[in-house]
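Visitor: Sharing a structure here in structure tokens format.
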Amino acid sequence: MSDGVVLAIDQGTTGTTVLVFDHAATIRGRAYGEVTQHYPRPGWVEHDAEEIWRGVRMLVGAALADAGVRPAEVRAVGITNQRETTVLWDRETGRPVHHAIVWQDRRTAPLCEELKAAGREDDVRRRTGLVLDPYFSGTKLRWLLDNVDGLRARAEGGELAFGTIDAWLLWQLSGGTAAAGAVHGTDVTNASRTLLFDIGALRWDPALLDLLGIPAAVLPTVRPSATLHARTNPDAFLGAEVPVAGIAGDQHAALFGQACFQEGMVKNTYGTGAFLMMHTGARPVPSRHGLLTTLAWQIDGEPAEYALEGSIFVAGAAVQWLRDGLGVIESAAETEALATSLSSNEGVYFVPALTGLGAPHWDPYARGTLLGLTRGSTKAHLARAALESMAYQTADVVSAMGNDAGLTLHADRPLRADGGAAVNAFLMQFQADVLGVPVEVPRVSETTALGAAYLAGLATGFWKDRAELASRWQLARRYEPRLGESERRRLTTRWLRAVERARSWEQEDA
Ligand SMILES: Nc1ncnc2c1ncn2[C@@H]1O[C@H](COP(=O)(O)OP(=O)(O)OP(=O)(O)O)[C@@H](O)[C@H]1O
Ligand SMILES: [Mg+2]
């Protein structure tokens, strides 16, 4: 391939995907591997960062082999990643000092409570665009420094490096140890999820470092999303030295991959969780309705762009739980036929607050709740309720976006959907129905990896500009809303009653 290719590493919560794109943005090769989930206690979720890096290394080779491309033909590498997941490693050995604490992990809920009780939330929100929830990296990093022997002193002495998964992979790709010249860096989107980053000034915020007791010595350098972050070390990257030129958190990359370049465009990614993002232009829009203000991305040499986000913690994971936790289905795809075997939900609702509730409800103490079961309830009801829950949660967020930004979706501004569960036609149709707005699914469903490739390709001149990228977006299927207004209202009202019952469950117990 004389034009060369761009390689995208999509390091997700459940697995890692590596894709090879050619100049037409066609996928030439791919490789996928799962990531082991560790649940040391209820509400705790961990990953082994070394396993993740070994997997990435192996999958890069496998994807290039699949494409029939030599490493020297790779023009740029883009990284996109599960966000907020917190890694702390030793700069000298390049080895993690603890399992990574995953974004879903709720262990720092008491610390967040404490900070809220001390009246810190408004200030934190003003600086970071975030709320005080265990979701974000800052309190997870603080937990490590407080609970693992010796780490605080080593962190203060400059021996340790903190990063989200992107920074961990950049470090490994660029050499893996301080002696080998490894680069300790991240991009603005990942930094914006740490609870330590001033999203207006685009720098680490000393007041927040102080509030959370984080030594500045552990922090990575923050760069734009599309820029030359580092060059791969040939020992770490199949003998080739290639620019790593794009980094963005998975949801930001998906917004870019969906070509949502204009103010007001909205995408929703239905994966493990579901993440809605609305591009809001060059200005951060503060939220008063439970959404997050976040960086969309920054292209080198251009002003940063912002987004409003609704983070739903459990979406496709509800289906995974039916499969792996309950064992009532064998594959996620089965849920579609099960759901359509019923003509309605027959009053069965599932609030999948398995790791608390995110936007717009924000309750780390909510837990999963099934309502409306009768002797006639079957696994079809569970499957339908799980799929419906993704759509209701999405509708809650869309309504918050309307309140915050005065934005309404409509026939000319549909919801752009992607992610693993967007192949489910029942879900997409039901989504259009409860929103009363069309839902559009693009041809390329790997929008996250595509976005990372686009960022890396733009930074290196492999692709010319955004207009070129936007012109490639192609519709696969559009779902039109079919439900009457009163039925829509009846369903969502009932859903909100169900949410009320799931709230505070864990806290009441304590
Ligand atoms: N046909 C389907 N119907 C409903 N849900 C599905 C279907 N196929 C996959 N899923 C769900 O989609 C999710 C996987 O989607 P995807 O690969 O986009 O996840 P992801 O969030 O990117 O993963 P990661 O968090 O690892 O990045 C799983 O939770 C799975 O249960
Ligand atoms: Mg993903």
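Visitor: Could you sort the peptides 156-165, 279-288, 191-200 by per-residue average Cβ neighbour count (10 Å cutoff), highest mean leading?
Guide: 191-200, 156-165, 279-288
Visitor: Moving on. I need the peptides 495-502, 368-375 ranked by packing, meaning the mean over residues of other C-beta atoms within 10 angstrom, with the highest value on top.
Guide: Averaged packing, sorted descending, gives the order 495-502, 368-375.
Visitor: Could you give the accessible area per residue of the chain, probe 1.4 Å, as a whole number in Å²?
Guide: So the chain comes to 37 Å² accessible per residue, rounded to a whole number.
Visitor: In Å, what is the Rg of the alpha-carbon atoms in the range 45-171, and how long is Dmax?
Guide: Cα only, the range 45-171: 17.5, 58 Å (Rg, Dmax).
Visitor: Report the FRET efficiency, 1/(1 + (r/R0)^6), for Arg203 and Arg477, where r is their Cβ-Cβ distance and R0 is 30 Å, rounded to 0.05. Before the final figure, lay out each step's value.
Guide: Values: r = 43 Å, r/R0 = 1.43.
E(calc), rounded to 0.05, equals 0.10.
Visitor: Hull surface divided by four, with the convex hull built on the Cα atoms of the chain: how many nm²? It would help to have the intermediate numbers written out before the result.
Guide: Working: hull surface 88.3 nm².
Hull-based average projected area comes out at 22.1 nm².
Visitor: Next up: Gain in length, Thr340 to Asp122, computed as 0.36 nm per residue apart minus the alpha-carbon separation, to one decimal in nm?
Guide: Between Thr340 and Asp122, full extension yields an extra 74.0 nm.
Visitor: With all pairs of different alpha carbon atoms counted, what Kirkwood hydrodynamic radius in Å does the range 159-289 show?
Guide: Numbers: mean 1/r = 0.0614 Å⁻¹.
After inverting the mean inverse Cα-Cα distance, the result is 16.3 Å.
Visitor: Taking R0 as 30 Å, what FRET efficiency do you get between Arg323 and Glu51 from their Cβ-Cβ distance, rounded to the nearest 0.05?
Guide: 0.85
Visitor: Now a separate question. What's the Cα-based Rg to Rh of the range 362-510, Rh via Kirkwood? Before the final figure, lay out each step's value.
Guide: Details: Rg = 18.9 Å, Rh = 17.9 Å.
Rg divided by Rh gives 1.05.
Visitor: Still on this model: Largest first and to the nearest Å, give the Cα extent of the range 15-86 along each principal axis.
Guide: 45, 19, 16
Visitor: In the range 14-55, whose amide N lies under 18 Å from the spot 7 Å out along Cα-to-Cβ of Arg443? List them in ranges.
Guide: Taking a point 7 Å out along Cα→Cβ of Arg443, the residues of the range 14-55 whose backbone N falls under 18 Å are 20-29.
Visitor: Let me ask you something else. How many percent of the accessible area of the chain is carbon or sulfur, using a 1.4 Å probe?
Guide: Whole-percent figure for carbon plus sulfur exposure: 48.
The values are calculated or read from the model by the stated rules, or taken from the named source; none is laboratory data. Keep in mind it's a predicted model, so treat the numbers as computed, not measured. Reconstructed Cβ throughout: ideal geometry from the backbone, glycine too, with neighbour counts over all protein chains shown. Ligands, DNA and RNA are stripped out before the accessible areas are found, and what is left, the full protein with its side chains, is counted by its heavy atoms. Shrake-Rupley method; radii C 1.70, N 1.55, O 1.52, S 1.80 Å.
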